[in-house]
Structure formats: C-alpha cells, structure tokens
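Undergrad: After the structure tokens below, expect a handful of questions from me.
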Amino acid sequence: AQSVTQPDIHITVSEGASLELRCNYSYGATPYLFWYVQSPGQGLQLLLKYFSGDTLVQGIKGFEAEFKRSQSSFNLRKPSVHWSDAAEYFCAVGDGGATNKLIFGTGTLLAVQP
Amino acid sequence: DSGVTQTPKHLITATGQRVTLRCSPRSGDLSVYWYQQSLDQGLQFLIQYYNGEERAKGNILERFSAQQFPDLHSELNLSSLELGDSALYFCASSSGRTQYFGPGTRLLVL
C-alpha cells in the first residue's frame with residue numbers, strides 16, 4: 001500500500017536560514033507527489049507538484065523540491081526562510097489510479113525564530 | 001484563494017445530531033474529494049465524486065454519506081454524531097491530477 005513518511009514532526013529554524021523538510025514515500029509505480037502548506041486556521045495551499053520530467057521542481061513562495069527515485073524521497077527546500085513561512089507542511093502522494101486520492105504524511109510543523 | 005468554497009466555516013453541535021457540510025468546486029472541475037483532518041488520524045481521504053457519480057470510498061464511516069449535485073456542488077452528511085467526529089473537514093476539487101482545497105469546515109461535537 002502507498003504511504004508517506006515525514007520523519008520530522010517539528011522543526012525550528014532561524015529567519016534567514018535554509019530549510020529542508022523530509023518526505024519519503026512508498027509507491028509501486030511512478031508517483032505523483034505534492035507538497036501542501038497549512039497556515040493556522042487555514043486550508044491547504046498547494047506549494048508544488050511532481051509528475052514527471054525534471055526532478056527539481058519549483059513552487060510558490062520560493063520553495064523547491066527534488067524527486068529522488070533511488071531514495072524514494074521528495075524533500076522540500078527553501079534557501080532563506082521568512083517568518084511568514086511558519087506553518088504546517090504536508091507531503092502527499094496521489095495514488096495514480098482512476099481516483100487519484102491523496103495519501104498524506106503526518107505533517108511537519110515549522111517554527112521560525114526571529 | 002483556491003476557488004473552492006466550503007460552508008459553514010465552523011459548526012458546533014451535540015452528540016447524536018446530524019449535520020450537512022457543503023462544498024462548491026472550482027469552476028470547471030468535475031471531481032470533488034472529501035477529507036477529514038483530526039489529531040489522531042491526520043489527513044484521511046473519505047470519498048470522491050466525479051460528475052455526480054461516486055468514484056471512490058476511503059475511510060468513511062457508514063454514518064457518513066455524500067452526494068454531488070448536477071451543478072457539481074457536493075454535500076457531506078454526518079449523522080449520529082459522536083465526540084470523535086470532531087475534526088476539520090476539507091473539500092478539494094480537481095480537473096486532473098492536482099487537487100485544490102477549500103478552507104475547511106471545523107466541526108465540534110459536544
């Protein structure tokens with residue numbers, strides 16, 4: 001069965017520091033991968049997605065993610081974090097079938113120190 | 001703004017009651033998905049509709065049901081509510097592989 005693991009429940013970084021959030025997936029075929037962000041009291045906003053092609057994908061708000069098939073990973077990165085990036089981040093895999101339902105990781109809560 | 005709307009934003013009710021959550025998808029999207037976000041279960045897929053027809057079911061309780069209407073809006077009906085049904089319920093819509101989420105309905109069962 002498909003699954004997504006986000007090993008870090010909570011991460012704290014200083015403003016201006018770089019960020020990497022880890023995501024590992026388990027999926028039999030080529031996965032459809034997503035990162036969503038949830039700010040307090042808000043819905044889920046799509047940051048970026050990977051379907052095929054270039055394994056480094058750019059998203060909104062200066063985020064990027066790299067798909068590494070050999071490591072079954074899709075880590076999210078940002079070179080310089082802003083205080084407004086404090087939120088919860090979810091990695092998800094689409095099951096690729098007719099339903100394309102999303103399977104989510106447990107999320108990583110990002111805190112940004114001034 | 002994703003273009004997906006959900007009403008109401010908040011809902012407080014008592015155990016044993018029935019509620020209806022409403023979702024309007026983005027213009028042109030035929031697929032609607034419902035997800036539940038709770039502290040103990042995380043984000044879980046409940047059910048999907050495509051152009052009025054049920055397409056897939058996930059971890060949806062028998063007390064819960066959904067439908068999609070000809071104008072493509074969808075409703076999620078939750079009945080015989082229990083304390084454990086308290087959660088954030090999201091609707092998402094898509095016309096391809098990418099799902100866009102609404103702001104959610106926060107349900108509190110007392």
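Undergrad: Return the loop-located trypsin sites (Lys or Arg not before Pro) in segment B:1-54 (DSSP other than H, G, I, E, B) with at most 12 other Cβ atoms within 10 Å of their own Cβ; answer none if there are none.
TA: In loop regions of segment B:1-54 (DSSP not H, G, I, E or B), the sparsely surrounded trypsin sites (Lys or Arg not before Pro) are B:LYS9, B:ARG18.
Undergrad: Apply 1/(1 + (r/R0)^6) to the Cβ-Cβ distance of A:SER14 and B:SER95, taking R0 = 30 Å, and write down the FRET efficiency to the nearest 0.05.
TA: Approximately 0.15, to the nearest 0.05.
Undergrad: A further question follows. State the Cα centre-to-centre distance between segment B:23-48 and segment A:83-101 in whole Å.
TA: Centre-to-centre (Cα) distance: 12 Å.
Undergrad: What's the long-distance tail for the protein assembly as shown, i.e. % of Cα pairs beyond 32 Å?
TA: Roughly 18 percent, rounded to a whole number.
Undergrad: Residues of segment A:1-55: accessible area per residue at 1.4 Å, in Å²?
TA: So segment A:1-55 comes to 49 Å² accessible per residue, rounded to a whole number.
Undergrad: Only Cα pairs under 8 Å and at least 6 apart count here; give the relative contact order of chain B as a rounded whole percent.
TA: Normalised by residue count, the contact order of chain B is 38 percent.
Undergrad: Something else now. With θ taken as phi - 60° and the coefficients 6.51, -1.76 and 1.60, list the Karplus ³J(HN,Hα) couplings across segment A:68-82 in order, rounded to whole Hz; mark glycine and proline as x.
TA: Values, residue by residue: 10, 4, 5, 9, 6, 10, 8, 7, 9, 9, 8, x, 8, 7, 10 Hz.
Undergrad: Still on this model: Given R₀ = 22 Å, FRET efficiency for B:ASP71-B:LYS9 by Cβ-Cβ distance, to 0.05?
TA: My answer for the efficiency is 0.55.
Undergrad: I would also like to ask the following. Long-range amide H contacts for A:ASN100: which residues qualify at under 5 Å (H placed 1.01 Å from N, peptide plane, sequence gap of 5 or more or a different chain)?
TA: A:ASP95
Undergrad: Over segment A:2-114, how many pairs of lysines fall under 16 Å by alpha carbon, counting only those 8 or more apart in sequence or from different chains?
TA: 5
Undergrad: Next question, about the same structure. Calculate how large, on average over all directions, the projected area of the Cα convex hull of chain B is; give the answer in nm² to one decimal.
TA: Averaging across all directions leaves 6.3 nm² for the Cα convex hull.
Undergrad: In square angstrom and rounded to 100, what buried accessible area do you get between chains A and B, total over both, with the probe at 1.4 Å?
TA: That pair of chains buries around 1600 Å² in total.
Undergrad: Measuring from centroid to centroid over Cα atoms, what is the spacing of segment A:1-51 and segment B:56-91 in Å?
TA: 26 Å
The values are calculated or read from the model by the stated rules, or taken from the named source; none is laboratory data. Owing to the predicted nature of the structure, the values given are computational and were not obtained by experimental measurement. As a convention, Cβ positions derive from the backbone with ideal geometry for all residues, glycine included, and neighbour counts pool all protein chains shown. For accessibility, only protein heavy atoms count, side chains too; no ligands or nucleic acids. Shrake-Rupley method; radii C 1.70, N 1.55, O 1.52, S 1.80 Å.
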